[in-house]
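The values are calculated or read from the model by the stated rules, or taken from the named source; none is laboratory data. Treat the numbers as computed from the prediction; the structure is a model and nothing was measured. Reconstructed Cβ throughout: ideal geometry from the backbone, glycine too, with neighbour counts over all protein chains shown.
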Amino acid sequence: MGTDPAPPPGLPPGDPSPLPAYRTTPGSPPAFERYVGDVEAGPLAPREERMYAALAHLSHVAGIVVAPMLLLAAVGRRSLFVDGHAREAFNHQVTVVGAFVVAGVLALRGAGPGPLGAVVAYGVGFAAVAALRSWQGATWRYPMAVRLLR
């Protein structure tokens, strides 16, 4: 009648049960799934779509090349708008990284810092325009981008 339940396997008698990693309300999804694009959460609101799309493009200015892929994996299934912009931003960033390597080799071979400056201006300038256009809700295609993800 007054006996305590048996402890979970692997714990000595008298030790309290371990706490769950995430405390959630009964019936709500685990805490981590709220922050990674869970498909069951439904589609994104238009403002959220525009924000995530602009972040994908602005990650180029911050130098985070993998950010569009993270957005694509986390939120891309919930929004075709974010999916398209994240793919386009990733393609642009890979193209700029390749052009930067080529410009760096040219700079070391005697061309000076001009090619490096041109690549940086191209990358940052078009990323800013793309972020602005995506925030306005428009689609954007980078000129001269290698389309690795379609």
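Details
- Hits in segment 55-87 (condition: of a type in the set (A, V, I, L, M, F, W, C), in a helix (DSSP H, G or I) and within 11 Å of the chain's Cα centre (by Cα)): L55, A56, L58, A67, M69, L70, L71, L72, A73, A74, V82, A86
- Residue within segment 53-64 that is modelled with pLDDT under 90 and closer than 16 Å to W140 by Cβ present: yes
So that you can scan it fast, the table gives a plain yes or no per residue for (1) part of a helix (DSSP H, G or I); (2) exposed (fewer than 14 other Cβ atoms within 10 Å of the Cβ):
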| position | (1), (2) |
| --- | --- |
| A89 | yes, no |
| V105 | yes, yes |
| A118 | yes, yes |
| A128 | yes, no |
| A131 | yes, no |
| S134 | yes, no |
| A138 | no, yes |
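- Within segment 84-117, the set of residues being touching a residue at least 12 places away in the same chain (Cβ under 8 Å), hydrophobic (A, V, I, L, M, F, W, C), touching a helix residue (DSSP H, G or I) at 6+ places or on another chain (Cβ under 7 Å) and over 15 Å from A54 (Cβ atoms) comprises V96, A99, F100, A103, L116.
- For the criterion of being in contact (Cβ under 8 Å) with a residue 24 or more places away in the chain and either within 28 Å of E48 (Cα to Cα) or touching a Lys or Arg at 6+ places or on another chain (Cβ under 7 Å) (or both), R133 fails.
- Of the residues making up segment 34-52, those that are modelled with pLDDT of 85 or more, assigned to a helix (DSSP H, G or I) and either over 13 Å from the mean Cα position of the chain (by Cα) or among the charged types (D, E, K, R) (or both) are P46, R47, E48, E49, R50.
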